[in-house]
Amino acid sequence: MKQNAISFGKKITNDWIKISNSIRLKSEQQYGKFLIESRLLMITAITDLLVYRAGIPGNTNEQLGKILQLITIFFQGELYTKKLISEGQYVKASVAIKQEIEIITRINEIKKGVDKDGQTPNVKYAPPTFNLHYGDMNQIGHISQPDFLSFLHSVNRDTFTGASITPIFNGNIAKNLYEIHLIIFYHIIRESIELFQQLYPDDLELVLPACKIFTIIVDCLKTAEIIKDNEPNS
C-alpha cells in the first residue's frame with residue numbers, strides 16, 4: 001500500500017507540473033515580448049554587478065553593506081516570485097511581492113537614515129504608488145478578501161460551485177502582478193547601479209555595462225507603457 005501511495009503521489013506531482021507549465025505559457029503570452037525581454041535584461045544587468053564584480057574590494061561602509069545585502073536577497077528570490085506569478089499562484093505571489101516592496105522601502109529608509117532594526121519598513125518611504133500596491137498585496141496575502149479568493153480559486157459546474165485544487169489562470173491578474181514585480185526590479189537595478197558607483201568611485205567603468213543595459217530596459221518598459229516618457233534612465 002505504501003509503494004502504491006508513493007507512486008500515486010509522484011503521478012499527482014507530475015500532473016501538477018504539467019498544469020503549472022501550461023499556465024506559465026498562457027501567462028507569458030499575456031505578458032508580451034517587451035515585458036519578458038525587460039526582465040531578462042534586468043537579470044543580465046544585476047548579474048553583471050553582483051557576480052562579475054564579486055571579490056573586487058570596494059569603498060564599503062555599514063550603510064552600503066546593508067543595501068547590498070537587501071539587493072542580494074531580492075535577486076535570490078526573484079525567480080521564485082516570477083514563478084509564483086506565472087504559474088497561477090497569485091495569493092502566494094502577493095506575499096512575495098509584498099516582501100519585495102518592503103526590500104525597496106528598507107533601502108530608501110537606510111539611505112535617509114530612518115531605518116529601525118526589528119521593525120517593518122514604513123511604506124511612506126516606498127517609491128510613489130507602492131504604498132497602494134503594498135496594501136493590496138497585504139490584504140490578499142493575509143487571506144482577508146474572501147470574495148477575491150473565491151474568484152481566484154472557485155470552479156463552477158452548472159449550479160454547483162466548489163474550490164479548485166489546481167491553480168486557475170487569470171491573465172489580467174497575472175500581468176498586473178508581473179508588472180508590479182518588474183517595476184520593483186527596475187528600482188532595484190537603479191539602486192544597484194547607484195550602490196556600485198559609490199563602491200567603486202575611481203573605477204566607474206565597472207558599472208558601465210549595467211548602465212548601458214539599463215538604458216535598453218527603460219526603452220522596453222516605456223514601449224510596454226509601464227513607465228512614463230519622463231522617467232529618468234540613470
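Given the conditions (1) free of Cβ contacts under 8 Å to residues at least 40 places away in the same chain; (2) open to solvent by less than 50 Å² (accessible area, probe 1.4 Å); (3) not hydrophobic (A, V, I, L, M, F, W, C), and given that residue 202 satisfies all but one, which numbered condition is not satisfied?
Among (1) free of Cβ contacts under 8 Å to residues at least 40 places away in the same chain; (2) open to solvent by less than 50 Å² (accessible area, probe 1.4 Å); (3) not hydrophobic (A, V, I, L, M, F, W, C), the lone unmet condition for residue 202 is (2).
Could you give me the residue pairs with C-beta distances under 7 Å whose first residue belongs to the stretch 111-124 and is more than 17 Å from residue 62 (Cβ to Cβ), whose second residue is among the basic types (Lys, Arg) and at pLDDT 90 or above wherever it lies, and which are 6+ apart or on separate chains?
What qualifies is 121/106.
Which ones in the stretch 111-124 are touching an Asp or Glu at 6+ places or on another chain (Cβ under 9 Å) and in a loop (DSSP other than H, G, I, E, B)?
At the first step, the residues of the stretch 111-124 found to be touching an Asp or Glu at 6+ places or on another chain (Cβ under 9 Å) are 111, 115-116, 120-123.
Once the filter is applied, which keeps residues that are touching an Asp or Glu at 6+ places or on another chain (Cβ under 9 Å) and in a loop (DSSP other than H, G, I, E, B), the stretch 111-124 yields 115, 116, 120, 121, 122.
Conditions first: (1) part of a helix (DSSP H, G or I); (2) farther than 26 Å from residue 63 by Cβ; (3) modelled with pLDDT under 95. Residue 208 passes all but one, so which condition is the exception?
(2)
Need a quick list: helices (runs of 4 or more DSSP H) entirely within the stretch 1-110 having at least 2 residues that are more than 25 Å from residue 222 (Cα to Cα) and among the hydrophobic types (A, V, I, L, M, F, W, C). Give the derivation first.
Details: elements: 2-31, 33-50, 62-86.
So the answer is 2-31, 62-86.
Find the residue count for the stretch 90-101, including only residues that are surrounded by fewer than 20 Cβ atoms within 10 Å (Cβ to Cβ) and not basic (Lys, Arg).
Residues in the stretch 90-101 being surrounded by fewer than 20 Cβ atoms within 10 Å (Cβ to Cβ) and not basic (Lys, Arg): 3 in total.
Can residue 34 be described as in contact (Cβ under 8 Å) with a residue 40 or more places away in the chain, farther than 18 Å from residue 197 by Cβ and aromatic (Phe, Trp, Tyr)? Explain how you work it out, then say what you get.
Working: in contact (Cβ under 8 Å) with a residue 40 or more places away in the chain: yes; farther than 18 Å from residue 197 by Cβ: yes; aromatic (Phe, Trp, Tyr): yes.
Yes; evaluated as a whole, the condition is true for this residue.
Please indicate, with yes or no, whether at least one residue in the stretch 170-192 is modelled with pLDDT under 60 and either open to solvent by less than 30 Å² (accessible area, probe 1.4 Å) or under 30 Å from residue 122 (Cα atoms) (or both).
Looking only at the stretch 170-192, we keep the residues that are modelled with pLDDT under 60, and these are none.
Within the stretch 170-192 (the criterion being modelled with pLDDT under 60 and either open to solvent by less than 30 Å² (accessible area, probe 1.4 Å) or under 30 Å from residue 122 (Cα atoms) (or both)), the answer is no, since none of the residues qualifies.
Yes or no: residue 9 more than 23 Å from the chain's Cα centre (by Cα) and open to solvent by less than 60 Å² (accessible area, probe 1.4 Å)?
Working: more than 23 Å from the chain's Cα centre (by Cα): yes; open to solvent by less than 60 Å² (accessible area, probe 1.4 Å): yes.
Considered against the rule, which asks whether it is more than 23 Å from the chain's Cα centre (by Cα) and open to solvent by less than 60 Å² (accessible area, probe 1.4 Å), residue 9 comes out as yes.
For the stretch 61-100, what are the residues that are small (Gly, Ala, Ser) and under 13 Å from the mean Cα position of the chain (by Cα)?
Selection gives 77, 86, 93, 94, 96.
Hey, does the stretch 82-89 have a residue that's open to solvent by less than 10 Å² (accessible area, probe 1.4 Å), modelled with pLDDT of 95 or more, within 27 Å of residue 44 (Cα to Cα) and not β-branched (Val, Ile, Thr)?
Yes: the stretch 82-89 contains one or more residues that are open to solvent by less than 10 Å² (accessible area, probe 1.4 Å), modelled with pLDDT of 95 or more, within 27 Å of residue 44 (Cα to Cα) and not β-branched (Val, Ile, Thr).
The values are calculated or read from the model by the stated rules, or taken from the named source; none is laboratory data. What you see is a predicted model, and the numbers here were worked out from it, not measured in a lab. Cβ coordinates were reconstructed from backbone atoms using ideal geometry, including for glycine residues, and neighbour counts include every protein chain displayed. To get the accessible areas, we keep the full protein, side chains included, count just its heavy atoms, and leave off ligands, DNA and RNA. Shrake-Rupley method; radii C 1.70, N 1.55, O 1.52, S 1.80 Å.
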